[in-house]
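Working notes, structure below.
Just so it is clear, none of the values below were taken in a lab; they were calculated from the coordinates. The shown structure was predicted, so the numbers you read here are calculated from the model rather than taken from an experiment. Note that each Cβ is placed from the backbone with ideal geometry, even for glycine, and that neighbours are counted across all protein chains shown.
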Amino acid sequence: MGMDIETKMSTAFADTCVLIPCLNEGKTIGGVIREFRNELPGCQVLIVDNGSADNTVEESKINNALVVHELRRGKGYAVITGFDLICEEIILMVDGDGTYSARDARIMVEEVRNGFDMVVAIRKSMSDKSFRRLHKSGNYWFSKLQSKTLHVSVEDAFSGYRSFSKNFINSFVSRASGFEIEAALNVHAGMIGARVKNFTSGYLPRHEESNSKLRTYRDGGRILLSIFSYLIKWKPAAVFGAFGTFLLLFAAGLFSIPLIEYLDTGYILHIPTLVVATSVGIISILFLFYAFIAQKIIDFQIENMRRDYRYLRSKITKFNIS
């Protein structure tokens, strides 16, 4: 009986794969693998190496992790490659820099077993050095922007510590190549009506010999552009409607000039102004019409996506660990 319990415990997380996209994390990756294996006995660990020039691959293999290579540089490429290869029913994604607490891994996996599609770790700083300058405020405002504009229920938009159901990953398609991969996952969850849970987790300082791959302004700009592209794709009424309204108000302002002139004198002297105002007014109406029609089409697509995902989720095997 004792052997049965021991065997069961050693394979308790055989349904889980820990996905770690890596670039030059040789100083920390060994410890990360060991910590997550200790917390999730029986789990598989998949390292997606993104062209490391240090000993990341060697350290991963020494610690018995599976290693695959993604030559296209970018975290998004590495994550999507990992998603495509994983067969396990639960995926736990984490960075290889040792900043995320492995002690929370078991809870995040259990939450997926309990029916959540995506569990996101809200990073709670454990030190003044946990976040780089501007990153904390930038993450806060990006999270708010994404939440308000795209109705995404993720409180830490760029957290790299997440757990997913295999069904959620199977439904996810993205061209994200870099750090905008987290934004893509957030938006996808919102569009399909996925069950999302936010979970507070300690965020540790980066190892002194480990360097962040995030470039504050360059990657921040790319993420902002990606959010805007999602707005155009999924919320055309907000984007084109706002632009159409602006043009309509501008046309009304221009039209008031010849209108007042005509009411005062009975003549219209500013003919070019009248022509421009009329043209801009017509264009604004076209924008507003497009915004209305496009949003109706997108809403229909979203409803179909949510219905399809509800059907897919109804086929989920219930996990019971006794």
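Here are some notes:
- Label-point separation in nm, Asp84 to Thr245, each point 7 Å along Cα→Cβ: 4.2 nm
- Restricting the calculation to Cα atoms, the stretch 230-288 yields a radius of gyration followed by a Dmax of 14.6, 50 Å.
- Cβ-based net charge around Asn304, under 14 Å, with every Lys or Arg adding one and every Asp or Glu removing one: +1
- Dipole of the chain [Lys/Arg +1, Asp/Glu -1 at C-beta], most positive-end residue of Val120, Asn38, Ile268: Ile268
- Prolate/oblate/rounded call for the stretch 33-82, Cα gyration tensor, a/c under 1.5 rounded: oblate
- 3J(HN,Hα) along the stretch 67-73, derived from phi through the Karplus expression 6.51 cos²θ - 1.76 cosθ + 1.60 where θ = phi - 60°, amounts to 10, 10, 10, 10, 6, 6, 6 Hz, with x in place of Gly and Pro.
- The stretch 28-122, relative contact order [Cα under 8 Å, separation at least 6], %: 31 percent
- Each Cα pair under 8 Å and six or more residues apart adds its separation to the average, and for the chain the resulting relative contact order is 17 percent.
- For the chain, the Cα gyration tensor yields ellipsoid semi-axes of 49, 23, 15 Å (square root of five times each eigenvalue, largest first, whole Å).
- Rounded to the nearest Hz, the phi-derived 3J(HN,Hα) couplings of the stretch 156-172 under the Karplus curve 6.51 cos²θ - 1.76 cosθ + 1.60 (θ = phi - 60°) are 10, 4, 10, 5, x, 10, 8, 10, 9, 7, 4, 4, 4, 5, 4, 8, 8, where x marks glycine and proline.
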